[in-house]
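*Asks:* This is the structure, below, for whatever I ask next.
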Amino acid sequence: MPVGRVGRPHGLDGAFVVERGSEDESRYAVGAVLLVNGEPATITLSRRVGRGRHAIRLDRPVERGDGLAVHRSDLPALPEGEFYTFEIVGLRVEEVGGRAVGVVRDVLPGPANDNLVLDDGTLVPMVEDAIRSIDRSAGVVLLNPGFID
């Protein structure tokens, strides 16, 4: 499961800034293993940089833009009603009554709440007024009636 991607170089020691990084600090600890393009790489250096981001160095070369991931089994269980972004991306979005609205393409974090980004660019706030339910097994995000024109 994605936990960031290789960003710009940071310093002269081979470190790089992790873009779109996980909020879980342990992901970037020295000795932790990440998957880069499906292959394991061990973190040999880790430091905090501006705006709460991490700069890390791996035990092997990587290219800018490469995805950083962990095995799904390495992710901690979340409380009931919480989801990882990758679990929501790709779900169909429908209104109560069955009207198709679109497909979730991304989840954007916000200061008050996260927002679903639909395939047509529509933003849907992840609040109870908008979303009635998220059913991963059925692959559907169900919106309250009349929320989307």
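The values are calculated or read from the model by the stated rules, or taken from the named source; none is laboratory data. Note that this is a predicted model, so its numbers are computed, not measured. We place every Cβ from the backbone using ideal geometry, glycine too, and count neighbours over all the protein chains shown.
*Asks:* Tally time: how many residues in segment 3-18 are loosely packed, with under 15 Cβ neighbours inside 10 Å and not in a loop (DSSP other than H, G, I, E, B)?
*Replies:* Residues flagged as loosely packed, with under 15 Cβ neighbours inside 10 Å and not in a loop (DSSP other than H, G, I, E, B) within segment 3-18 amount to 2.
*Asks:* Here's another thing I want to ask about it. Report those strands (runs of 3 or more DSSP E) wholly inside segment 32-149 carrying at least 3 residues which are surrounded by 11 or more Cβ atoms within 10 Å (Cβ to Cβ) and among the polar types (S, T, N, Q).
*Replies:* The qualifying strands (runs of 3 or more DSSP E) are 39-48.
*Asks:* On to the next question. Scan segment 19-31 residue by residue and report those that are in a loop (DSSP other than H, G, I, E, B) and out of contact with any Leu (no Cβ under 7 Å at 6 or more places or on another chain).
*Replies:* Across segment 19-31, the qualifying residues are Arg20, Gly21, Ser22, Glu23, Asp24, Ala29, Gly31.
*Asks:* Which pairs have Cβ atoms under 6 Å, sit 6 or more apart or on different chains, and link a residue in segment 24-48 that is of a type in the set (S, T, N, Q) to one that is assigned to a strand (DSSP E or B) and modelled with pLDDT under 95?
*Replies:* Thr42/Val33
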